[in-house]
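For reference, the structure discussed in these notes is given below.
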Amino acid sequence: MDKLMNNHWVMRVIALFLALMLYASVNIETTGTQTNKSSTPFETSTSSSLETAVVTDIPVVTYFDEEGLVVTGVPETVNVTLEGPTGTLVKARQQKDFEVYAELTNLSIGSHKVNLKIKNLSSDLKATISPSAITVTIEEKISKNFPVEVEYINEDKLEEGYTPDQPIVSPNSVHVTASKEIIDRISKVQATINLEGAKETINKESRITIYDSDGNILPVEVDPSVVDVTVPIKSPSKVLPFKVVREGELKKGFSILSMETEPKEITAYGPMDVLENYDFIDGVKVDLSKIEKDTVLEVDVPIPEGIEKVSPETIKIDIDVDEQQEKSFSDKKIEEVGMAEGKVFDFLDPNVGELDIKIYGAPSVINQINSEDIELYINLSNLSDGEHEVPVQVNSSQNNITWSLEQEKVKVRISSAS
C-alpha cells in the first residue's frame, strides 16, 4: 500500500478525479439555484396591471390671435379616455392636470378641420379624445357701439298708481366686439331692472346682455359689461290749491295792497288712499310783522301727514304794501246761519241786530269796497234753548283788508217755535 501511495502517477490520477468531482458538484448547485429563481411567479412579472377610464368635461384651450380674430366651432369641453397603470390613471383622473387644446395660431381666416391635442399627460398613459377633431371658423374681430335699452321686470308688481319714468343709463352705449357675422345679428343690447315693490327712485348696477332677433343670447365681448341705471318712480299725485295763513300784523299805518303767489297750485305725491283725503294744502305761513315794504318771500310748503312729497317744495309770495286807509259802514245787519229747524232767536245786545264796522286797507282797495261787499253773520248751530253770547264773523269779497267791529260778540236768546 505504501508503495502504491508513493507512485506519483497514482497520485496524479487521484487528484484529477477529485477535481472532476468538485467541478461537477458546483455546477449542479448553480443550475438548481437558477432553475428555482425562474420558477418564482412574483419575480418573473416586471410590469403593472393596466386600466381604462373616461374623464369627462375637460375644457378645450385654443391658441390663436385673440386680439384680432374670433374663433367659433370650438366645444367648451370634451371627454378623454385614458389607459395605463392604475396608480398613474387614478392621479390623472383626480387632478385633471393635463390640457386638451386646439392649435390655431398659423391658420388663415376661414373654416378648418383641426385635430385636438393633449399635453402635460404622463408618458405612462395613452389618451383618446372624443371628439378628436373639430371644424372651426376663424373670422376677423370687429367692434361697434350700441345704445343700451332698459328692460323692466315685475312692472305689474308696483304699488297701485306708481309708474316708472324715463330711465337714465350711464354710460348710455357700450362697445361690442365680435365677428362681423355676430355683430350683424345683434338686435338688442339690454340692461334689466326689477321694479317689484318700488316706491322711490331706483339706482342699480345691471349686467349687459346681447340678444339677436329671436331672443337668443349672443357670445360677444362688451365694454363696459355693467352699467349704472337710474329709474325715477312716479308716485300717484294730485294737484291741490293751498291756503296762505297770515300771522302777525303789519306795522301801524300800512296795509296789504296785493298778495300774489307763484305757483297757484301744488302737486302732492303719495298713496292714492291718502291723496283722496285732501282738497287743499293748509299751513303756508306769512309773518306780516316782518314786512315793512314791498317784498317777495320764498316760503316752504308744509308736507301734510301721509304725503310723501310736494312739488314745488317752496313757493314765492309777492306782497305789495301801501299806506293804510280807513272806511266805515254803519248799521250792518247781522245774519244767522246754522240754526236748527223749529227754533227761533232774538237779539238781546244789540237788540236791533246791527253793528257798525270799520275796514282798513290800501286806498285803491278800500275805494272799491261797498257796503254790499261786507257781510256780518253769527253761527247758531248746536245751540240749545236759552241765552248765548256768540262771536260776530265778517265775510268780504276782498282778502287784503282788516276790520274792527264796535263789539266782537252779540247776545241772543234761542227758543223753540210755538
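The values are calculated or read from the model by the stated rules, or taken from the named source; none is laboratory data. Predicted model, so just to flag it, every value in this text is computed and none were measured. Note that each Cβ is placed from the backbone with ideal geometry, even for glycine, and that neighbours are counted across all protein chains shown. These accessible areas exclude ligands, DNA and RNA; they are computed on the full protein's heavy atoms, side chains included. Shrake-Rupley method; radii C 1.70, N 1.55, O 1.52, S 1.80 Å.
For every residue, the table says whether it meets (1) at pLDDT 90 or above; (2) among the aromatic types (Phe, Trp, Tyr).
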position: Val301; (1), (2): yes, no
position: Gln324; (1), (2): no, no
position: Phe329; (1), (2): yes, yes
position: Gly342; (1), (2): no, no
position: Ala362; (1), (2): no, no
position: Leu376; (1), (2): yes, no
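The C-beta contact set for the range 65-87 (first residue acidic (Asp, Glu), second residue part of a strand (DSSP E or B), distance under 6 angstrom, 6+ apart or interchain) comprises Glu83/Thr52; Glu83/Lys126. Only one of the listed residues (Val74, Val80, Val90) is assigned to a strand (DSSP E or B) and either within 42 Å of the chain's Cα centre (by Cα) or at pLDDT 90 or above (or both). That residue is Val80.
With a cut-off of at least 2 residues that are of a type outside the set (Gly, Ala, Ser) and surrounded by fewer than 18 Cβ atoms within 10 Å (Cβ to Cβ), name the strands (runs of 3 or more DSSP E) lying wholly within the range 301-418. Outline the logic, then answer.
Numbers: elements: 309-311, 314-323, 325-337, 343-349, 354-361, 374-379, 386-391, 393-396, 402-405, 409-416.
Here the list reads 314-323, 325-337, 343-349, 354-361, 374-379, 386-391, 393-396, 402-405, 409-416.
Being within 30 Å of Gln190 (Cβ to Cβ), in contact (Cβ under 8 Å) with a residue 60 or more places away in the chain, touching a strand residue (DSSP E or B) at 6+ places or on another chain (Cβ under 6 Å) and not in a loop (DSSP other than H, G, I, E, B) is the requirement here; does Val222 meet it? Walk me through how you get there before you give the answer.
Details: within 30 Å of Gln190 (Cβ to Cβ): yes; in contact (Cβ under 8 Å) with a residue 60 or more places away in the chain: no; touching a strand residue (DSSP E or B) at 6+ places or on another chain (Cβ under 6 Å): yes; not in a loop (DSSP other than H, G, I, E, B): yes.
No.
Based on this model, can you work out whether Val174 counts as touching a strand residue (DSSP E or B) at 6+ places or on another chain (Cβ under 7 Å) and without any contact (Cβ under 8 Å) to a residue 40 or more places away in the chain? Step through it out loud before you land on a result.
On the way: touching a strand residue (DSSP E or B) at 6+ places or on another chain (Cβ under 7 Å): yes; without any contact (Cβ under 8 Å) to a residue 40 or more places away in the chain: no.
Spelling it out, it is not the case that Val174 is touching a strand residue (DSSP E or B) at 6+ places or on another chain (Cβ under 7 Å) and without any contact (Cβ under 8 Å) to a residue 40 or more places away in the chain.
Looking at the range 146-202 only, could you name the residues that are of a type in the set (Val, Ile, Thr) and open to solvent by 40 Å² or more (accessible area, probe 1.4 Å)? Ile153, Thr163, Ile168, Thr192, Thr201, listed by residue number.
Being aliphatic (A, V, I, L, M) and either over 22 Å from Lys141 (Cβ atoms) or part of a helix (DSSP H, G or I) (or both) is the filter here, so list the residues in the range 153-185 that pass it. Break it down stepwise before answering.
Initially, the range 153-185 is screened for residues aliphatic (A, V, I, L, M), giving 153, 158, 168-169, 174, 176, 178, 182-183.
Of everything in the range 153-185, those that are aliphatic (A, V, I, L, M) and either over 22 Å from Lys141 (Cβ atoms) or part of a helix (DSSP H, G or I) (or both) turn out to be Ile153, Leu158, Ile168, Val169, Ile182, Ile183.
Residue-by-condition table, conditions (1) at pLDDT 95 or above; (2) in contact with a helix residue (DSSP H, G or I) (Cβ under 8 Å, 6 or more places away or on another chain); (3) of a type in the set (Lys, Arg); (4) more than 30 Å from Val286 (Cβ to Cβ):
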residue: Glu181; (1), (2), (3), (4): no, no, no, yes
residue: Ile193; (1), (2), (3), (4): yes, no, no, yes
residue: Thr209; (1), (2), (3), (4): yes, no, no, yes
residue: Val220; (1), (2), (3), (4): no, yes, no, yes
residue: Thr230; (1), (2), (3), (4): yes, no, no, yes
residue: Met259; (1), (2), (3), (4): no, no, no, no
residue: Lys264; (1), (2), (3), (4): no, no, yes, no
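Residues in the range 219-245 that are open to solvent by 30 Å² or more (accessible area, probe 1.4 Å) and under 30 Å from Thr177 (Cβ atoms): Pro219, Val220, Glu221, Val222, Asp223, Pro224, Ser225, Val226, Asp228, Thr230.
Between Lys199, Lys251, Lys188, Lys238, the distinction of being in contact with a Phe, Trp or Tyr (Cβ under 8 Å, 6 or more places away or on another chain), charged (D, E, K, R) and outside any strand (DSSP E or B) belongs to Lys199 only.
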